[in-house]
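The structure appears right after this line, and notes come after that.
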Protein chains: 2
Amino acid sequence: MEIYKNEKRKRYLEDHSIAHLFSFPIVEFVEVREYKRDEWIIQEGMRPDFLFYVIEGKAKIYITHLNGKVSLINFINENEFVGEMELLNDVYYTKGIQATTKTVCFALPFHRCRAQLLEDVVFLRELTKFLSVKATKMAAKYSQTLAFPLENRFAEFILQTADEGVYKEKHITVCDFLGVSYRHLLHVLAQFCDKGYLQKEGRHYRIIKKSALVELAGMLRIE
Amino acid sequence: MEIYKNEKRKRYLEDHSIAHLFSFPIVEFVEVREYKRDEWIIQEGMRPDFLFYVIEGKAKIYITHLNGKVSLINFINENEFVGEMELLNDVYYTKGIQATTKTVCFALPFHRCRAQLLEDVVFLRELTKFLSVKATKMAAKYSQTLAFPLENRFAEFILQTADEGVYKEKHITVCDFLGVSYRHLLHVLAQFCDKGYLQKEGRHYRIIKKSALVELAGMLRIE
DNA sequence: TCAGAAATATGAGATATCTCATATTATTGT
DNA sequence: ACAATAATATGAGATATCTCATATTTCTGA
């Protein structure tokens, strides 16, 4: 992890102002940090001392279960908070946050900001919205997992993450995210290829029959 | 649904003050409502016009999927909000809320309160905490569902809902909540009886070997 | 550049869970 | 008090998903 200082720090703070998220001047408290790919921004079980706001990059939220299984609970993208649970709750089991790519974020130290943050209507309104979206998505994912087999959920995931019609995610990550075994994921993936929905190109998979995937994913749509 | 007026309304408002949740006088806006068991407080897909706060009783959050499956996403208890998602988000698919028992709640009309609520630091702080707990529990449930078979989750559910050592929930409700088929739930329940963890008494089940259930449920514990 | 680690692949058998069919009780409204 | 509805029960076969074992290929650090 690298902390940006002086010019570099200043540039980031100017280019990515977060002043609109607060009603008091926040800049002086902000530490600008860069995490490398695969680096842990927060370690599981270790309470962080900062509230983070992601400026650039992506990260993943992980939790490890007692039976050894690992769940990738969610992805974190730009303009999202990290560590807000610890800001709000004294008792909270801290999940692990790992940078997927190089990630730059603003870090606000709890000990200097907490009181002010919890009094700030602008910040609280932002956070409330953020949390409501988070809770809603989580509930949707949860109920979809219960109601549909992998086929449907995987189809949606492929459509969401495909880059110019090509799916390239790492299988292991996807298994953790969709909560299935490696073996089974590959099995369903092979089916998609057999049925002509996808075509393997080296390590990647080209979407051939998008409509079929759209139909499978469409089942998840709530409404 | 019955709306309490005059004396009855007044008594409820006095006995269950929610003044501490707001920094402005809220009483004049509050409608006191009673829903009967099984009545729908909010119908799925129909945006409500009120923010509810449950005073007495219990309710369930349901969502119906396109494949016809129904998920019981969560239970709602006393001193919890309902309809906060619709207060915060313009676009939101409204889930169905059904009273499990007779339920009394305070209803705040959006059109009269929304602006003030979203400016109120006390309310926002309460709501933020509520949502953070909600999101956290949802995430825990989600990842546990992916990581553990029914056996473990059902054991926990039995321990949580048992009344003086006797489990009495309706199977159908539990299936919707744990996201498994009726058949499979009964199957695991029969196993618990075979193994001597539970003993059937008419329609109910007495917990005989609590330690075994505790061990199964303990696997879910994160940490 | 080479060895170890990570990621990809595939097979085979086990288990968890689902679907459907069908009976037998409770519960409830009129 | 009775018919309709809801809830409980159980069997049997199908499917989704898991575990474990084992190869091969790619990536990465010293």
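The values are calculated or read from the model by the stated rules, or taken from the named source; none is laboratory data. What you see is a predicted model, and the numbers here were worked out from it, not measured in a lab. Note: ideal-geometry Cβ built from the backbone for every residue, glycine included; neighbour counts use all protein chains shown. Remember, those area values only see protein heavy atoms, side chains included, never the ligands or the DNA or RNA. Shrake-Rupley method; radii C 1.70, N 1.55, O 1.52, S 1.80 Å.
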So which of B:ILE158, B:ILE172 is surrounded by 14 or more Cβ atoms within 10 Å (Cβ to Cβ) and within 14 Å of DNA strand D (Cβ to nearest atom)? B:ILE158
Taking only region B:137-155 into account, find how many residues are away from DNA strand D (no atom under 14 Å from the Cβ) and open to solvent by 50 Å² or more (accessible area, probe 1.4 Å). 1
If you check every pair at least six apart or on different chains, which have Cβ atoms under 7 Å apart with a residue in region A:202-215 that is in contact (Cβ under 8 Å) with a residue 24 or more places away in the chain and within 16 Å of DNA strand D (Cβ to nearest atom) first and a residue that is open to solvent by less than 90 Å² (accessible area, probe 1.4 Å) and in a helix (DSSP H, G or I) second? A:LEU213/A:ALA155; A:LEU213/A:ILE158; A:LEU213/A:LEU159
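Being among the hydrophobic types (A, V, I, L, M, F, W, C) and closer than 29 Å to B:LYS60 by Cα narrows it down to one of A:LEU117, A:LEU108, A:LEU159, A:LEU150, so name that one. First the steps, then the outcome.
Values: A:LEU117 fails: closer than 29 Å to B:LYS60 by Cα; A:LEU108 fails: closer than 29 Å to B:LYS60 by Cα; A:LEU159 fails: closer than 29 Å to B:LYS60 by Cα.
Exactly one residue qualifies, and that residue is A:LEU150.
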Is one or more of the residues making up region B:32-39 in a loop (DSSP other than H, G, I, E, B), open to solvent by less than 20 Å² (accessible area, probe 1.4 Å) and out of contact with any Leu (no Cβ under 7 Å at 6 or more places or on another chain)? no
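Open to solvent by 10 Å² or more (accessible area, probe 1.4 Å) and within 13 Å of chain A (Cβ to nearest Cβ): which single residue out of B:LEU87, B:LEU72, B:LEU66 fits that description? Please lay out each step first, then the result.
Details: B:LEU87 fails: open to solvent by 10 Å² or more (accessible area, probe 1.4 Å); B:LEU72 fails: open to solvent by 10 Å² or more (accessible area, probe 1.4 Å).
Just a single option satisfies the conditions, and that option is B:LEU66.
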Selection count where residues are touching a residue at least 40 places away in the same chain (Cβ under 8 Å) and open to solvent by less than 30 Å² (accessible area, probe 1.4 Å), scope region B:175-201: 3
